[in-house]
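Participant: The following block contains the structure, expressed as structure tokens.
What follows is calculated from the coordinates using simple rules that are stated; it is not laboratory data. Small disclaimer: the values here were computed from a predicted structure and weren't measured. Note that we place each Cβ from the backbone using ideal geometry, even for glycine, and neighbour counts take in every protein chain shown.
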Amino acid sequence: MDVSEGIRCLERGRLDPEPARVLYEEADLLTLGQLAQEARLRWNHDPVVTYAVDRNINYTNVCVSRCGFCAFARPEGHPEAYVLDQETLVRKCEETLALGGTQILYQGGLNPALGLDWHLEQVRLMRRMGLHVHGFSPPEMVFMAGQSGLTVREVIERLVAAGLGSIPGGGAEVLVDRVRRAVSPIKATKDEWLEVMRTAHAVGLKTTATMMFGHLETPAERLEHLFLVRRLQDETRGFTAFIPWPYQPAKTTLPGRPAGSTTYLRLLAVSRLVLDNFPHIQASWVTQGPHIGQVALHFGADDLGSTMIEENVVAAAGVSHRLSRSEMIRLIEAAGFRARQRNTLYEPVESQGEAPP
Amino acid sequence: MMSTTKNPRLALPSLLLDRLRDPALREIGRKLAGGGQVEPGEGVACLESTDLCGLGQLALAVKRVRFGDRAFFIANHHLNYTNICGNGCRFCAFHRPAGSADGYAMSPDEAARRIAESPVADLREVHLVGGCNPELDFPYCLDLLRAILRARPGVKLKAFTAVEIAQMAKKAGLSHHECLVRLKEAGLVAMPGGGAEVFSERIRQRLFPHKIGADEWLSIHATAHRLGITTNATLLFGHIETPAERVEHLIRLREQQEESGGFQAFIALPFHPANTLLRDLPGPTGVDILKTIATARLVLDNIPHIKAYWVMLGAKLAQTALHFGADDLEGTIVRERIAHEAGAHTEAGLTVEQLVDLIREAGCEPVERDTFHRPVESSHGRE
């Protein structure tokens, strides 16, 4: 099979693994970009690109998982170890509201000192302040279930009762157990990750899915990941968006150099082509910087992510980019699209805060 | 050495043309395939197209006709010999007035020492530019070239923008021609393309009224070309110029090349606002930068090389630009100051290995070159 046959397969309908492999490995970068953009415009014909105003709050950096790619985690008792207290949480939420933010991306390490009741109390607090809580990636859910002796379903139901609004797709890394054993052996397995998402969708929560690539996985394993989440989405329709980003090696223990922009854009484009049942594909300006983050809007992405009022995990690995809301809007418009603020569920929101200068 | 040849005939697969979403780009593609030239209105249509990948496909097809999948780079060292400058251009964060505490000027010996100690092993070129420093006279400029050549006899000297040439000729009471003849005798073989900014009197009046305008810049380059000195050309974009003014600039370069033929490469320089008098402007976005590079490739059908200058673009955007018509990543550079003073967050230098990795990852074939874009045996290839 060659690239033109791959394109014909795509035009006939669903992309199977073999044509996906041929396109991913052999098509030119710009051909992938054009195909991805055509697919994006079929899903979302309006030339609208969405963005969110939210704050990333990491409730603790204490983590027993010790993944090789992570520069954020600290062991218990480490001088830099922290757990966020309620007073600080309230202040961060107030600042978010003042900037027109609507949601909190709430995640943290696997910290044995924090029980489910503590987490429930924090969620109630954010919810009472009127914020949508997009929180607890699948490894955190699995960890809380193990700690509390409850099932994952029971943990999710209690968090939902406390006000959890949706679940972020983090901790997926690459959904291939060979890779996970090498880079994150203690964390949730591929099946556990998928099961958390299946359960969340079953109780009516929406979630995102992610992939952190560019470490020990092969190109074929990246595609395997895409087909796995596509199959689950066929079943549940609970994923709102897919967000791939490359592993950032500075200050972590895994070897290697970061994937470049062409590797990123190719993967982004092929994600749009394979994930024909995902409404949104998100660009990662946090890892790519504003230039390539914006360019990604022409390689299949229709969402520029969020302003990330506070981002600690990628910054801990030595990458730091800042974008104000007005700058996000400018990037979207300069790329030829209309900008629209959204919430976590990808619904439009009336902007409340003043756009910072 | 002078390469004025036009692009070979473009063969565009109909599949590529059919896939262009923007009808204006399809029209331009058909015209190029028929041997036509991009006219001003069409250049503006390229800059304003919302089909970024489609525009890139056209520029890449033109680039491939000349260079296939090759992408060039050079082991070079940039040296900014002085930051003292009386021109006061509003877009510049590098210059200091005479007498300023952080103003500097390197003696020829100091410049030579830096080049002698350059970490670049197989150094092939020294790129030498600086401010228009009233304290430095023409003999200083000649000494600077000679001292560097004594320190590294094999290197090629690409030195002095047309702005600096105009200033030294005036001070020495020489014609541009005489000035360039003497510089050539002292070892200058090529000139960088800086100081062109935007060929628009409207913009010159507003941003750089004390500096030479388009006519003088072009005439100095034409003089250099007649002396066998190859030169580059630049465009500083993304500040107050209009798309039409950008394209007009490219067309004037194309016309000059038709006449004098010595332009080797074109470099689109995105404006960096930090620490300049225009710091309230945002600077061009990634999409705009890629469209400008692609449009330059399409308009400049008689200038062989289009650079993705990674210092200004960042390594990520420069790598992607290799798919948008650029064929050259410039070089190792080592210590660039002008863009960095204006807030460029890029590295100060890249190693040959890093440049090779960037090019290979982009799916291109790295070719180490000399100042004249001739392939050289690369240090990285000797394994």
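Participant: Report, to the nearest 10°, how far helix B:243-260 tilts away from the longest principal axis of the Cα atoms in chain B, using its own Cα long axis and a range of 0 to 90°.
Facilitator: Rounded to the nearest ten degrees, it is 70.
Participant: Could you work out the per residue convex hull volume over the alpha carbons of segment B:71-368, in cubic angstrom?
Facilitator: With only Cα atoms used, segment B:71-368 gives 117 Å³ per residue.
Participant: I would also like to ask the following. Which whole-number percentage describes the relative contact order of segment A:36-341, with Cα contacts under 8 Å and a sequence gap of 6 or more?
Facilitator: Worked out over segment A:36-341, it gives 24 percent.
Participant: Given labels modelled 7 Å from the Cα in the Cβ direction, how far is it in nm from residue B:202 to residue A:85?
Facilitator: 6.1 nm
Participant: On to the next question. How big is D for segment A:149-253, in µm² s⁻¹ as a whole number, if Stokes-Einstein is applied with the Kirkwood radius of its Cα pairs at 4 °C and 1.567 mPa s?
Facilitator: Numbers: Rh = 14.4 Å.
Roughly 90 µm²/s, to the nearest whole number.
Participant: What FRET efficiency do you get for residue B:378 and residue A:64 if R0 is 45 Å and r is their Cβ-Cβ distance, rounded to the nearest 0.05?
Facilitator: So, using R0 = 45 Å, E works out to roughly 0.40.
Participant: Continuing with this model, one more query. Round to the nearest 10 and give me the degree value, 0 to 90, for the angle of helix A:3-12's Cα axis relative to the longest principal axis of chain A.
Facilitator: Helix A:3-12 and the main axis of chain A meet at about 70 degrees.
Participant: Based only on Cα atoms, what Rg/Rh ratio does chain A have, Rh being taken as Kirkwood's radius?
Facilitator: Ratio value, two decimals: 0.94.
Participant: Bin by bin, in steps of 20 Å, what percent of the Cα pairs in the protein assembly as shown do you find, going until the bin that has the longest distance?
Facilitator: Distribution as computed: 17, 46, 29, 8, 0 percent.
Participant: Between residue B:170 and residue B:121, what FRET efficiency follows from the Cβ-Cβ distance if R0 is 30 Å, with the result rounded to 0.05?
Facilitator: Numbers: r = 39 Å, r/R0 = 1.31.
Using R0 = 30 Å, I get an efficiency of 0.15.
Participant: Once the Cα atoms of helix A:86-98 and of chain A are each reduced to a long axis, what angle between those two axes, in degrees from 0 to 90 to the nearest 10, is obtained?
Facilitator: Roughly 50 degrees, rounded to the nearest 10.
Participant: Can you give me the distance in nm between label points at residue A:41 and residue A:277, each placed 7 Å from the Cα along the Cα-to-Cβ direction?
Facilitator: 2.7 nm
Participant: Just counting partner chain Cβ atoms within 10 Å, what average do the residues of peptide B:361-368 show around their Cβ?
Facilitator: Per-residue shielding by partner chains comes out at 2.
Participant: Residue separation times 0.36 nm, minus the C-alpha to C-alpha distance between residue B:185 and residue B:150: what's the value?
Facilitator: Between residue B:185 and residue B:150, full extension yields an extra 11.2 nm.
Participant: To continue, here is another question. Taking Cα pairs under 8 Å and at least six residues apart, what relative contact order does segment B:71-368 come out at, in percent?
Facilitator: Relative contact order of segment B:71-368: 21 percent.
Participant: Taking the Cβ-Cβ separation of residue B:361 and residue A:5 as r and a Förster radius of 25 Å, what is the calculated FRET efficiency to the nearest 0.05?
Facilitator: After rounding to 0.05, the efficiency reads 0.45.
Participant: Another one. Per DSSP helix of 4 or more residues, -39500 (n - 2.57); summed, then divided by the residues of chain A. What does that give at 222 nm, rounded to the nearest 500?
Facilitator: -13500 deg cm²/dmol
Participant: Quantify how strongly other chains surround peptide B:46-53 by giving the mean number of their Cβ atoms within 10 Å of each of its Cβ atoms. Kindly include the intermediate steps, with their values, before the conclusion.
Facilitator: Values: counts 0, 0, 1, 1, 6, 4, 11, 16.
Across B:46-53, the average partner-chain Cβ count within 10 Å equals 5.
Participant: Here's something else I'd like to know. Can you compute the charge dipole magnitude of segment B:71-368 about its Cα centre, using +1 on each Lys and Arg Cβ and -1 on each Asp and Glu Cβ, nothing else charged? Give it in debye, rounded to the nearest 20.
Facilitator: It works out to roughly 420 debye.
Participant: Another question, if that's okay. Provide the gained length on full extension for the span residue A:181 to residue A:161, in nm with one decimal, where the gain is 0.36 nm per separating residue minus the Cα-Cα distance.
Facilitator: Between residue A:181 and residue A:161, full extension yields 3.8 nm more.
Participant: Using the structure shown, list the pairs from B:211/B:291; B:211/B:307; B:170/B:211; B:211/B:316; B:63/B:291 with a Cα-Cα distance above 23 Å, or answer none.
Facilitator: The pairs that break the limit, which is 23 Å between Cα atoms, are B:211/B:291; B:211/B:307; B:211/B:316.
Participant: For segment A:36-341, please report how many Lys pairs fall under 25 Å Cα to Cα, leaving out neighbours fewer than 8 apart on the same chain.
Facilitator: Close lysine pairs found across segment A:36-341: 4.
Participant: Oh, and also: List the residues, sorted by chain then number, that are 5 or more residues from residue B:230 or on another chain and whose placed amide H is less than 5 Å from its amide H.
Facilitator: B:191
Participant: With only Lys, Arg, Asp and Glu charged, each at its Cβ (+1 for the first two, -1 for the last two), find how big the charge dipole of segment B:1-111 is about the Cα centre; round to the nearest 20 debye.
Facilitator: That gives segment B:1-111 a dipole magnitude of about 500 debye.
Participant: Return an integer: the convex hull volume of the alpha-carbon atoms of segment B:14-66, in Å³ per residue.
Facilitator: It is 75 Å³ per residue.
Participant: For Cα pairs less than 8 Å apart in space and 6+ apart in sequence, what is the mean separation divided by the residue count of segment A:1-111, i.e. the relative contact order in percent?
Facilitator: In percent, rounded to a whole number, it is 28.
Participant: Now for a different question. Expressed in nm to one decimal, what extension gain is obtained for the pair residue A:78 and residue A:221 from 0.36 nm per residue of sequence separation less their Cα-Cα distance? Before the final figure, lay out each step's value.
Facilitator: Working: separation 143, 0.36 × 143 = 51.48 nm, distance 3.53 nm.
Extra length from residue A:78 to residue A:221 when fully extended: 47.9 nm.
Participant: Another one. Which whole-Hz couplings ³J(HN,Hα) result when phi for each residue of segment A:237-248 is put into the Karplus expression 6.51 cos²θ - 1.76 cosθ + 1.60, θ = phi - 60°, listed in order with x for Gly and Pro?
Facilitator: With coefficients 6.51, -1.76 and 1.60, one gets 6, x, 7, 8, 8, 10, 10, x, 8, x, 3, 10 Hz.
Participant: On to the next question. Are there cysteines in chain B with no other Cys C-beta under 4.7 Å, and if so, which?
Facilitator: Taking the Cβ cut-off of 4.7 Å, the unpaired cysteines of chain B are B:46, B:53, B:85, B:132, B:141, B:179, B:364.
Participant: Karplus couplings for segment B:58-73 from phi (6.51 cos²θ - 1.76 cosθ + 1.60, θ = phi - 60°), rounded to Hz, Gly and Pro as x?
Facilitator: Taking θ as phi minus 60°, the curve returns 5, 5, 5, 4, 5, 4, 5, 4, 7, 10, x, 9, 6, 9, 9, 7 Hz for segment B:58-73.
Participant: If the viscosity is 1.567 mPa s and the temperature 4 °C, what translational diffusion coefficient in µm²/s does Stokes-Einstein give for segment A:7-95 when Rh comes from Kirkwood over Cα pairs?
Facilitator: 72 µm²/s
Participant: Further, regarding this structure: Which whole number gives the average, over all residues in A:332-339, of C-beta atoms from other chains lying within 10 Å of the residue C-beta?
Facilitator: Mean shielding count: 3.
Participant: What nm value, rounded to one decimal, do you get for the distance between residue A:234 and residue B:259 when each label is placed 7 Å out toward the C-beta?
Facilitator: 6.6 nm
Participant: Would you compute, from DSSP H runs of 4+ residues alone, the mean residue ellipticity of chain B at 222 nm, taking -39500 (n - 2.57) per run and dividing by the full residue count, rounded to the nearest 500?
Facilitator: For chain B, the value works out to -12500 deg cm²/dmol.
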